[in-house]
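Asker: To start, I am sharing the structure in question, which I have written as C-alpha cells.
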Amino acid sequence: MLLNPHNMKKVKNLFCIICLAILFSNYTTLSNKTNPYLETRKGKVIFNSKLTGEMNHVGNITISVSQDRTNFLVTFKMKKGWTLEKSRVFIGDLNELPLKENGCPDLKSITHRKNHNSGLKEYSYTIPIQKIKKTDCLSLLSKAVATKGNKKVNAWSEGEKLSCNNKITYSSLCKLSRKKKVLKSAKSKINNN
C-alpha cells in the first residue's frame, strides 16, 4: 500500500514527535512556584540512569525529591555482585562544576563525595535544594568506584561526554519551559519541510 503525500507528511510528523518524546524521556519536568526543582508529587523519582564503566553495568543512580520537598535524594544502588567503594556527586549548574587546569572535573573538590571502605550495596546523599543555584537545566555528574571480586571499575552515569575525557559523562535535567521551547522549535522545523 502506497501512502499519498498528505499521509506521508502525517507519518513523518508523527515519527518526529515520537523521536522527540524518546529524546526527552530522561529529562525531568520541574515546576513549582516556590521551588523550581520540584515535582508536585513528593518522593517521585525524577532521574534514573545506569552506572557503567569499562562496558560493565555495575548499578543505577536515581534522584528523587524528599517527602518534605526540601532535598534531593541521590541514591547509588549496585547490581548483584558489585559493591560501591567510592562515590562522587555534583548536582547544579554545569558552570559551577569545579575543574582542574586541563578542564576535567576536580573530583576532590566536589562537595558530595565519600569513600565506602567496607563496600556497600546502596548509598544515598541528601542534598538540600536551597543550596543549589537556580538554573533552567541542572547538571548531574556522578562517579562510582565499584568492585566485583578482584575487578575494580570507574563507573559514570549515562549522559553526554565531557570534551576533556570521553569516559566522563554528565546528564542534564531541564525545566518544562525549556523543553517546550525545544519542542516548539523542532515542530516548526518539521512543519516547514
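Asker: Any idea which residue in region 84-140 is farthest from Val45 (Cα to Cα), counting only those that are surrounded by fewer than 16 Cβ atoms within 10 Å (Cβ to Cβ) and β-branched (Val, Ile, Thr)?
Answerer: The qualifying residue farthest from Val45 (Cα to Cα) is Thr111.
Asker: So if I check each of Lys133, Lys50, which one is under 22 Å from Leu173 (Cβ atoms), part of a loop (DSSP other than H, G, I, E, B), at pLDDT below 95 and out of contact with any Pro (no Cβ under 9 Å at 6 or more places or on another chain)?
Answerer: Going through Lys133, Lys50 in turn, the sole match is Lys133.
Asker: If you go through region 141-169, how many residues are within 15 Å of the chain's Cα centre (by Cα), surrounded by 18 or more Cβ atoms within 10 Å (Cβ to Cβ) and touching a residue at least 40 places away in the same chain (Cβ under 8 Å)?
Answerer: Of the residues in that region, 9 qualify.
One line per residue, one yes/no per condition, for (1) modelled with pLDDT of 95 or more; (2) within 21 Å of Cys164 (Cβ to Cβ); (3) outside any strand (DSSP E or B); (4) assigned by TED's automatic domain parsing to the domain that holds Ser163:
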| residue | (1), (2), (3), (4) |
| --- | --- |
| Ile63 | no, no, no, yes |
| Gln67 | no, no, yes, yes |
| Phe76 | yes, no, no, yes |
| Val89 | yes, yes, no, yes |
| Gly119 | no, no, no, yes |
| Leu141 | no, yes, no, yes |
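Asker: For region 92-117, enumerate the residues that are within 17 Å of the chain's Cα centre (by Cα), among the hydrophobic types (A, V, I, L, M, F, W, C) and part of a loop (DSSP other than H, G, I, E, B).
Answerer: Selection gives Leu97, Ile110.
The values are calculated or read from the model by the stated rules, or taken from the named source; none is laboratory data. Computed from a predicted structure; not experimentally measured. Note that each Cβ is placed from the backbone with ideal geometry, even for glycine, and that neighbours are counted across all protein chains shown.
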